[in-house]
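Here's the structure we're looking at; comments come further down.
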Amino acid sequence: MQFSVIIPAHNEERYIGKALRSVRSAAKYAAPDTVEIIVAANRCTDRTVDIAQQYDAKVIRNDSKCIAAVRNSGVRAATGEIIVTLDADSMMTKYSLVEIKSLLQSGDYIGGGANPKFDRMSVGIAFSSLYVAMHLLPVMLRSGGYLSGAMFWCCRRDFEQIGGFNESLVSLEDLDFARRLKQLGAERGQKYGTLKDSYVLTSSRKFDEFGDWYLIRNRKLTKRIFTGTDRSAADAFYYDVR
């Protein structure tokens, strides 16, 4: 198997079908028999698992309240040489896997991420996104520049070399992963890449649930989330929602 696409999912029956269809569509261009999908089901009480099985995804279960641990459990069940992570409320575009394969085979890239686009936009979402970016900017500057996320991709051996996602973090595990992957690439003379022709279409459900201005109106909570280690803040915004 060449690709393993890991999708963590906590009660995602409204979204996961779209995510799975997007992977199947992308697989058609990268050769369908080289792509496996692994859904890491996390404390699901809805039809998430049933839907995943309808798309012939491999389902594993991890009940920890730590997205890093959930993602890592999916990777441990993977057989692919290339690891791709995608959130259950997101969709990759049809040439994503082709582009990832091309960049990794070039030898110039250690791996990387993709740029996200929300499925709806508003003034509140735009300002909230800018507010988040301002908080993440110092970390990115210390890491030498922009670190894309949304959908991570790298060779399995490199994922394992940096130790996967940091399970001591309950939030911001994605930025931490990108920083460490980029550092490994720098040591080898490789770049951390961002897909140019592909992107990730992600749901605006957090804004639908909390309100488009929530992150700005609740700046203290937002700052606590940005520590990466505040369990009660992470539970309030991520793990105990829905």
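Against the test of being at pLDDT 95 or above and within 19 Å of LEU181 (Cβ to Cβ), the options ARG61, ARG76 yield a single qualifying residue, ARG76.
Residues satisfying the criterion are absent from the stretch 112-124 (criterion: among the basic types (Lys, Arg), assigned to a strand (DSSP E or B) and farther than 20 Å from MET91 by Cα). Would a scan of the stretch 46-61 turn up a residue that is part of a loop (DSSP other than H, G, I, E, B) and under 18 Å from PHE152 (Cα atoms)? Looking through the stretch 46-61, none of the residues is part of a loop (DSSP other than H, G, I, E, B) and under 18 Å from PHE152 (Cα atoms). When the residues of the stretch 100-155 are filtered to those that are among the polar types (S, T, N, Q) and under 23 Å from THR222 (Cα atoms), the one that is surrounded by the most Cβ atoms within 10 Å (Cβ to Cβ) is SER128. When the stretch 192-236 is filtered for residues that are surrounded by 13 or more Cβ atoms within 10 Å (Cβ to Cβ), closer than 18 Å to LEU136 by Cβ and free of Cβ contacts under 8 Å to residues at least 60 places away in the same chain, the ones remaining, listed by number, are LYS206, ASN218, LEU221, ARG224, ILE225, THR227, GLY228.
Taking the criterion of being in contact (Cβ under 8 Å) with a residue 60 or more places away in the chain and either more than 25 Å from TYR95 (Cβ to Cβ) or touching a Leu at 6+ places or on another chain (Cβ under 6 Å) (or both), the residues of the stretch 161-183 that qualify are GLY164, PHE165, ASN166, GLU167, SER168, LEU169, VAL170, SER171, GLU173, ALA178. Candidates in the stretch 183-222 are the residues that are of a type in the set (Phe, Trp, Tyr) and part of a loop (DSSP other than H, G, I, E, B); of these, the one that is nearest to TYR146 (Cα to Cα) is TYR199. Take ILE6 and decide whether it is touching a Phe, Trp or Tyr at 6+ places or on another chain (Cβ under 6 Å) and either touching a residue at least 60 places away in the same chain (Cβ under 8 Å) or surrounded by fewer than 20 Cβ atoms within 10 Å (Cβ to Cβ) (or both). Considered against the rule, which asks whether it is touching a Phe, Trp or Tyr at 6+ places or on another chain (Cβ under 6 Å) and either touching a residue at least 60 places away in the same chain (Cβ under 8 Å) or surrounded by fewer than 20 Cβ atoms within 10 Å (Cβ to Cβ) (or both), ILE6 comes out as no. Of all the listed residues (GLY185, GLY164), the sole one being under 17 Å from ILE67 (Cβ atoms) and buried (at least 17 other Cβ atoms within 10 Å of the Cβ) is GLY164.
The values are calculated or read from the model by the stated rules, or taken from the named source; none is laboratory data. Predicted, not measured: the structure shown is a model, and the values here were computed from it. Using ideal geometry, Cβ is built from the backbone for each residue, glycine included, and neighbour counts are taken over all protein chains shown.
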